[in-house]
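> Structure below; questions to follow.
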Amino acid sequence: MLKTIGLLIVVLVVVGFIAGRRKRPTAATVKGQDGERRVAKVIASLGYPALHDVYLPSDNGTTQIDHIVRAGNCIVVIETKNFGGVLYGDVHDQNWRQSFRRRDSRSFFNPLKQNAVHVKAVKKIAGPEADVRQLVVMAGTSRFPNGTPEGVLNLADLKQWLRLTFVDAGKYGRVIEPWELLGLAAKKGNNRTTRAHHADTLRRATAPRPEGARIDPTF
């Protein structure tokens, strides 16, 4: 009996040690997930069919999409960013810049270009006749002092934008079969193997490269 109890204690200690060594999500990851939850809540309030946290095949491996929404007869691909500070960037810039009052800043890949990768992956499954549109939603307190780029809006404007898109898409689009195909693809990609593959894709995409080398983003 004592041996059994002792063995159980050892097992619990080992399990606790392993659990303690698991990598905890970073503050940026937690903040990003919070932004995605708020966007998902707005979409749910409209009752539109939606897929969240979708993994699809891409040219360079696997790409992860925050939200795919069926707004009437069109499919909207949404990339969510939960940023603060002041943002500088335009549609065609490769990178944008985030700046704070304390004068530190960082650059990040243009989310419109990032979402273009997502749109390409969606179109590959949905087919050429599907009306696929893209949108970047800023869920945080960030602002663009030089004007918000086309294709980007704040979370507060998302509901109205989706409603207008629903109307604009018309009544006779061909989106039923493409939406079903996307649902099947999303279900297929919802597994540990795909997520691990995507993590490897990210590591390769962000690995150091010689100066001037071309970067093919896959996010």
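The values are calculated or read from the model by the stated rules, or taken from the named source; none is laboratory data. Just so it is clear, the model here is predicted, and its values are computed rather than measured. Glycine gets a Cβ as well: all are built from the backbone with ideal geometry, and neighbour counts include every protein chain shown. These accessible areas exclude ligands, DNA and RNA; they are computed on the full protein's heavy atoms, side chains included. Shrake-Rupley method; radii C 1.70, N 1.55, O 1.52, S 1.80 Å.
> Consider LEU153 against the criteria (1) open to solvent by less than 90 Å² (accessible area, probe 1.4 Å); (2) assigned to a loop (DSSP other than H, G, I, E, B); (3) under 30 Å from VAL86 (Cα atoms): it satisfies all of them except one. Which criterion is unmet?
All conditions are met except number (2).
> Among the residues of the range 68-106, how many are surrounded by fewer than 23 Cβ atoms within 10 Å (Cβ to Cβ) and farther than 19 Å from GLY147 by Cβ?
Matching residues across the range 68-106 total 11.
> Filtering the range 156-181 down to residues that are of a type in the set (A, V, I, L, M) and within 18 Å of THR80 (Cβ to Cβ), which residue is surrounded by the fewest Cβ atoms within 10 Å (Cβ to Cβ)?
Once the filter is applied, the top-ranked residue is ALA156.
> Taking the range 136-147 as the region of interest, how many residues are part of a loop (DSSP other than H, G, I, E, B) and within 20 Å of the chain's Cα centre (by Cα)?
4
> Based on this model, can you work out whether ASP131 counts as over 18 Å from the mean Cα position of the chain (by Cα) and open to solvent by less than 100 Å² (accessible area, probe 1.4 Å)?
So ASP131 fits the description; yes.
> If only one of VAL86, VAL122, VAL132 is touching a strand residue (DSSP E or B) at 6+ places or on another chain (Cβ under 6 Å), among the hydrophobic types (A, V, I, L, M, F, W, C) and within 24 Å of VAL30 (Cα to Cα), which one is it?
Answer to the selection: VAL86.
> Among the candidates GLY151, GLY170, single out the residue that is on the phi > 0 side of the Ramachandran plot, modelled with pLDDT of 95 or more and of a type outside the set (Lys, Arg).
From the options GLY151, GLY170, the qualifying one is GLY151.
> In the range 32-52, what count of residues is obtained for those that are open to solvent by 50 Å² or more (accessible area, probe 1.4 Å) and without any contact (Cβ under 8 Å) to a residue 40 or more places away in the chain?
So the count comes out to 6.
> Hey, does the range 59-71 have a residue that's of a type in the set (Ser, Thr, Tyr) and at pLDDT 85 or above?
Yes, some residue in the range 59-71 is of a type in the set (Ser, Thr, Tyr) and at pLDDT 85 or above.
> Also: I'd like the full set of residues that are under 11 Å from the mean Cα position of the chain (by Cα) and either surrounded by fewer than 21 Cβ atoms within 10 Å (Cβ to Cβ) or of a type outside the set (D, E, K, R) (or both), limited to the range 53-67.
ASP53, VAL54, TYR55, THR63, GLN64, ILE65, HIS67 - these are the residues of the range 53-67 that are under 11 Å from the mean Cα position of the chain (by Cα) and either surrounded by fewer than 21 Cβ atoms within 10 Å (Cβ to Cβ) or of a type outside the set (D, E, K, R) (or both).
> Select from the range 112-128 the residues that are open to solvent by 30 Å² or more (accessible area, probe 1.4 Å) and more than 16 Å from the chain's Cα centre (by Cα) and list them in ascending order.
Answer for the range 112-128, where residues must be open to solvent by 30 Å² or more (accessible area, probe 1.4 Å) and more than 16 Å from the chain's Cα centre (by Cα): LYS123, LYS124, ILE125, PRO128.
> Go through (1) farther than 24 Å from ARG38 by Cβ; (2) small (Gly, Ala, Ser); (3) modelled with pLDDT under 95 and name the single condition GLY140 misses.
So the condition that GLY140 fails would be (1).
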